[in-house]
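The values are calculated or read from the model by the stated rules, or taken from the named source; none is laboratory data. Everything quoted here is computed from the prediction, not taken from an experiment. Positions of Cβ are generated from backbone atoms using ideal geometry, with glycine treated the same way; all protein chains shown enter the neighbour counts. Accessible surface is based on the protein model in full, side chains and every heavy atom, while ligands, DNA and RNA are left aside. Shrake-Rupley method; radii C 1.70, N 1.55, O 1.52, S 1.80 Å.
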Amino acid sequence: MGKRVGMEVSIAAAEVVGLCDVDVIAAYPITPQTHIVEHLSELVADGHLDAEFIPVESEHSAMSTCVGSAAAGARTFTSTSSQGYALMAEICYIASSMRLPIVMAVANRALSAPINIWNDHADMMMARDTGWIQTVAENGQEVVDLILHAFRVAEDHRVLLPVMVNLDGFTLSHMIEPIILPDKEEVDRYLPPYKPKLRLDPQNPMTFGPVGMPEVYTEAKKAQDEAVKESKAVIVEAWQEFEKQFGRSYKPVETYKAEDAETLLLTMGSISETAMTAVDKMRADGQKVGLAHLRLWRPFPAEELVDAVKGAKALAVVDRALSLSGGCGPVCVEVKSTLFDRGLSPYVQNFLAGLGGRDVTVEDFETMVAKVGDGLAKGLPMGYEIVNARE
Amino acid sequence: MVEIRFHGRGGQGGVTSAELTALAAIEEGKYAQAFPSFGPERRGAPVMAFVRVSDQQIRTREKVYSPNMVVVLDPTLLEIVDVQAGVPDDGILVVNTKMSVDELRKNAGLTRRLAVVDASTIAIETLRVPITNTTMLGALIKATGVISVDALRGPVQKRFGPIAEKNLQACMRAYEETVVEG
Amino acid sequence: MAKETGIVSWKELELGCTLTEPGSAAQLKTGDWRSMRPVTNFELCNKCGQCYIFCPDMVYSKNEEGYYEADYYYCKGCGICARECPKDAIQMVEEGD
């Protein structure tokens, strides 16, 4: 039945990777991901986990090792953050294009400069167009659940894509809180052994990652795009199976008190919990406010988003990474294009908040909702603002 | 929901105090969060750690701005850190000091309810090191009852292994000796 | 045609563009951009096999009589065989002539 434990979220993440019978871990430590990798290394060194832990000299090598390992048919895990992701990025495209089911936990952190080790979503937004599936956790339990889910989805023969599980750096990675860790038998029931569809084998030689001339590259990308889009059905199915077995429910877009809401906050990641508290407070004041929060970032859950927000007159979309000088932040870009493509045109304001570890408070959410209400009433132009930047 | 802020110096165990408090609360079936003031830390520099304890699931990831309880692990911090910052009028400060409640109030200009214990002496005599994390937990328990000593036993055992018993002794002695303002 | 050129629908591409058949490059027609082709005068040829050795595309193979014949399916017309032939038995001839 699993056991309820008080545990640092990073340690719990490593524990569940261990329970998943991972074969190969290749990773390089970087703040704030370090505890995940440290603990996995400990598990292997102490003989609790029968896996190869490959200590590499950079994140570029970490992902390169993962590509080789996954191509050879091994269940493969890595973890990184921020600058580490930036160095790894080149190979991340290769991993997804070669359809290798690697699972990676990213402790989300800002990108330099100025040097900043704290939480925002710059790294996961850099990963946006790599073709990785991306799920987003809001608390420690979800980190554990989503890692387990990630292996099942990645290795499904209808998917065969790498999955990135995002957890907010420090805010989640360094948090001690109650977590229900599944037991081995439960994990085995949910996650079948990995059976590669194609793999490197000297007895049956194949070429992985050949040249794609202009005559074939377009088709290769079309096939990949379809694969990422089609993965959504399997992602949802795996969540439904998860709910049946573990009783915890996950959806691509989740809502909180959104049914009759006129104004909706739209968030992603751990600030969603703070936003719920803000919604409770504003509801108590009689405001018709609700929350929609994204659990799935890639493939982008367009239909689910429409269902979640179609009744709202105004949206306050929170982004935690900038698309400098673009029309708005990356989440808001998706929201606007999804809604406007379908003829929905609520009033949308974009708030760039929680950059580089700046706290996002209940009060901040109240201010956003007030600003959206004001903008809608006065017909102010839609756009974005960087929240709490000192003048 | 209760919020607690621990003030210590890097290496003194403030973060461990916070962690043990949360683990004990979770052991009791409650919900809890423990987290450090995120970022690089230096031995000896003032550091903070935070705890939330609640009977319901905790749905916030804000920093702790107005703790109901403050624990000061090192008396020298009173001169350089505003340990009372954000504490509501009915909040309580649990301080490691050789001073009495009255002396402390006068000397440090504190206005909230106080609890005092000479944790440094207890730690030196019991543990042979001036690390006051488990000792101050005894004081916190006496002053607030936010967790129980029984619930603390498991997490302390796991964390300290062979020196767990000594830490629990220090905790218990602090519990006995802490003076809580009425 | 598809296999000769690699021009296929996106639906027919193997997972991740993996080439699952070893040596499948042999199916690719590399001889279709040639502007000149080598022609061997077997009366001058002494069967030394230099053309076979130097050809970068494995175009030449030995026939029953021991002479080396070119397979124009692969020949790109680079002319290395003609240059290396010690008996000047290979001439490069314009395609279409």
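General observations
- Qualifying position, being outside the structural domain of residue A:164 (by TED's automatic domain parsing), closer than 30 Å to residue A:3 by Cβ and open to solvent by 10 Å² or more (accessible area, probe 1.4 Å), among A:277, A:263: A:277
Here is a yes/no grid of residues against (1) of a type outside the set (A, V, I, L, M); (2) more than 14 Å from chain A (Cβ to nearest Cβ):
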| residue | (1), (2) |
| --- | --- |
| B:31 | yes, no |
| B:38 | yes, no |
| B:44 | yes, yes |
| B:79 | yes, yes |
| B:91 | yes, yes |
| B:105 | yes, yes |
| B:123 | no, yes |
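- Exactly one residue out of B:110, B:114, B:152, B:93 is part of a helix (DSSP H, G or I) and of a type in the set (A, V, I, L, M, F, W, C), and it is B:152.
- Within the set A:226, A:177, A:186, the sole residue that is assigned to a helix (DSSP H, G or I), more than 14 Å from chain C (Cβ to nearest Cβ) and either more than 23 Å from residue A:309 (Cα to Cα) or touching a helix residue (DSSP H, G or I) at 6+ places or on another chain (Cβ under 8 Å) (or both) turns out to be A:186.
- Scanning region B:13-25 for residues that are touching a strand residue (DSSP E or B) at 6+ places or on another chain (Cβ under 8 Å) and open to solvent by 10 Å² or more (accessible area, probe 1.4 Å) turns up B:15, B:19, B:23.
- Residue within region B:95-105 that is under 24 Å from residue B:150 (Cβ atoms), touching a residue at least 40 places away in the same chain (Cβ under 8 Å) and buried (at least 19 other Cβ atoms within 10 Å of the Cβ) present: yes
- Complete set of residues in region A:302-320 that are touching a strand residue (DSSP E or B) at 6+ places or on another chain (Cβ under 8 Å) and aliphatic (A, V, I, L, M): A:305, A:308, A:309, A:312, A:314, A:315, A:316, A:317, A:318
- Flag for residue A:99 being within 14 Å of chain C (Cβ to nearest Cβ), touching a Gly at 6+ places or on another chain (Cβ under 9 Å) and at pLDDT 95 or above: yes
- Within region A:176-191, the set of residues being touching an Asp or Glu at 6+ places or on another chain (Cβ under 7 Å) and either within 16 Å of residue A:105 (Cα to Cα) or crowded, with 23+ Cβ neighbours inside 10 Å (or both) comprises A:176 only.
- Residues located in region A:343-391, provided they are open to solvent by 60 Å² or more (accessible area, probe 1.4 Å), among the polar types (S, T, N, Q) and in contact (Cβ under 8 Å) with a residue 60 or more places away in the chain: none
- The condition (being open to solvent by less than 10 Å² (accessible area, probe 1.4 Å), within 22 Å of residue A:380 (Cβ to Cβ), over 19 Å from the mean Cα position of the chain (by Cα) and touching a residue at least 12 places away in the same chain (Cβ under 8 Å)) is satisfied by just one residue among A:309, A:335, A:331: A:309.
- Residue A:14 vs. criteria closer than 30 Å to residue A:247 by Cβ, more than 14 Å from chain B (Cβ to nearest Cβ) and of a type outside the set (Ser, Thr, Tyr): yes
- Residue within region A:92-100 that is under 14 Å from the mean Cα position of the chain (by Cα) and open to solvent by less than 10 Å² (accessible area, probe 1.4 Å) present: no
- Residue list for region A:333-363, restricted to those being assigned to a helix (DSSP H, G or I) and aromatic (Phe, Trp, Tyr): A:340
- Taken over region C:11-56, the criterion of being away from chain A (no Cβ under 14 Å), exposed (fewer than 15 other Cβ atoms within 10 Å of the Cβ) and within 30 Å of residue A:209 (Cβ to Cβ) is satisfied by C:56 alone.
- From the options A:156, A:168, residue that is touching a residue at least 24 places away in the same chain (Cβ under 8 Å), within 14 Å of chain C (Cβ to nearest Cβ) and of a type in the set (D, E, K, R): A:156
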